[in-house]
Amino acid sequence: MARDMSDKDILKMEIDQLKIEVNTTRTAVSATATEIIAFVEEKSAEDPLIKGVPEDKNPFKEKGGCIIT
């Protein structure tokens, strides 16, 4: 895409992006970290990577074995 654009067009896109970014509200990591930790701890009981998947509901369970003759 950038190959088809002139330098002026590329610079205009960069300026437009910077205008969007300058108006984005920023939040300190220290403020959001506690929210993220609370969210993860709240959802961990439902997480199959932590809790595990029952054998009967595992879609990736091998259906049959390999027989070598």
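Things to note:
- Table column - 3J(HN,Hα) (Hz), the stretch 39-46, Karplus curve with 6.51, -1.76, 1.60, x for Gly and Pro: 4, 5, 5, 5, 8, 5, 5, 9
- Of all lysines in the structure, the ones whose alpha carbon falls short of 18 Å from that of residue 51, not counting any fewer than 8 places away in one chain, are 43, 61.
- For residue 39, net neighbour charge (Lys/Arg +1, Asp/Glu -1) across residues whose Cβ lies under 13 Å away: -4
- The label-point distance for residue 51 and residue 12, in a model that sets each label 7 Å from Cα toward Cβ, rounds to 5.3 nm.
- Per-residue ³J(HN,Hα) for the stretch 52-69, Karplus 6.51 cos²θ - 1.76 cosθ + 1.60, θ = phi - 60°, Hz, x for Gly and Pro: x, 10, x, 4, 6, 10, 7, x, 9, 5, 5, 7, x, x, 9, 10, 9, 10
- Principal semi-axes of the equivalent ellipsoid, √(5λ) from the alpha carbon gyration tensor of the chain, are 47, 28, 7 Å from largest down.
- Simple label model, 7 Å out from Cα along Cβ direction - residue 26 to residue 67, nm: 6.6 nm
Bear in mind that the values in this text are calculations on the coordinates, not laboratory data. The structure presented is a predicted model; accordingly, all values stated were derived computationally and were not measured. FYI the Cβ positions are ideal-geometry reconstructions off the backbone, even for glycines, and counts take in every protein chain you see.
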